[in-house]
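All remarks here apply to the structure that follows.
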Amino acid sequence: YDADANPLNMAQRLVNVSSMDYVSTGYPVIGGFSILGNSPKTILIRADGPTLASYGSASPLADPVLMLYKGQTVIASNTGWSTPTTVNTAYPGATAAAISAAIASSGAFSLPSGSQDSAILVTLPPGTYTAQITSASSGNGQVMVEIYELPNGN
């Protein structure tokens, strides 16, 4: 949590949640989250696979595919964080530079340029969302799903 020294004067917010799990054929890793209130929030979602090897993972997922759902509708998707694409025009894909800046401002560890780790940077209205991670090649391996709420203005 982002805890202010005087919590009665300032709203507290969840800054980051993450979990590591194992993707295998037919068994994706899923992370859900909700945005409350009346204002949209800028969210960074990551599916760290290949970069986990540099943190000691013996079996990282080589090619994570990250898909973001609102209900059953895919609103964003990414394979290879530095090559974002737009899946749904209501939620345009952020540039690699914007994703890099968001990673830096969130406090997350950096991702190597050109890696197959996946990331989505998107501004979302209040609602419930689901991030799902699978493998582009139907492979198996460890993956970490991370969800960051970015400070206003990022």
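The values are calculated or read from the model by the stated rules, or taken from the named source; none is laboratory data. Bear in mind the structure is a predicted one, so any value in this text is a computation, not a measurement. Positions of Cβ are generated from backbone atoms using ideal geometry, with glycine treated the same way; all protein chains shown enter the neighbour counts. Remember, those area values only see protein heavy atoms, side chains included, never the ligands or the DNA or RNA. Shrake-Rupley method; radii C 1.70, N 1.55, O 1.52, S 1.80 Å.
Taking interchain pairs and intrachain pairs at least six residues apart, which have beta carbon atoms under 6 angstrom, with the first residue in segment 87-98 and on the phi < 0 side of the Ramachandran plot and open to solvent by less than 70 Å² (accessible area, probe 1.4 Å) and the second at pLDDT 95 or above and of a type in the set (A, V, I, L, M)?
The qualifying pairs are ASN88/ILE75; TYR91/ILE75; TYR91/ALA76; TYR91/VAL122; ALA94/LEU121; ALA98/LEU121.
Any idea how many residues of segment 30-65 are modelled with pLDDT under 95 and basic (Lys, Arg)?
Of the residues in that region, 1 qualify.
When you scan segment 106-121, do you find a residue that is surrounded by fewer than 16 Cβ atoms within 10 Å (Cβ to Cβ) and among the β-branched types (Val, Ile, Thr), even just one?
No, the conditions are met nowhere in segment 106-121.
What about SER82, is it touching a helix residue (DSSP H, G or I) at 6+ places or on another chain (Cβ under 6 Å), without any contact (Cβ under 8 Å) to a residue 60 or more places away in the chain and open to solvent by 20 Å² or more (accessible area, probe 1.4 Å)? Steps first, please.
Details: touching a helix residue (DSSP H, G or I) at 6+ places or on another chain (Cβ under 6 Å): yes; without any contact (Cβ under 8 Å) to a residue 60 or more places away in the chain: yes; open to solvent by 20 Å² or more (accessible area, probe 1.4 Å): yes.
Yes; evaluated as a whole, the condition is true for this residue.
Counting only residues that are under 21 Å from PRO126 (Cβ atoms) and of a type in the set (Val, Ile, Thr), give me the strands (runs of 3 or more DSSP E) lying completely in segment 9-105 with at least 2 of them.
Values: elements: 16-23, 29-35, 41-48, 64-70, 73-78.
Those strands (runs of 3 or more DSSP E) span 29-35, 41-48, 73-78.
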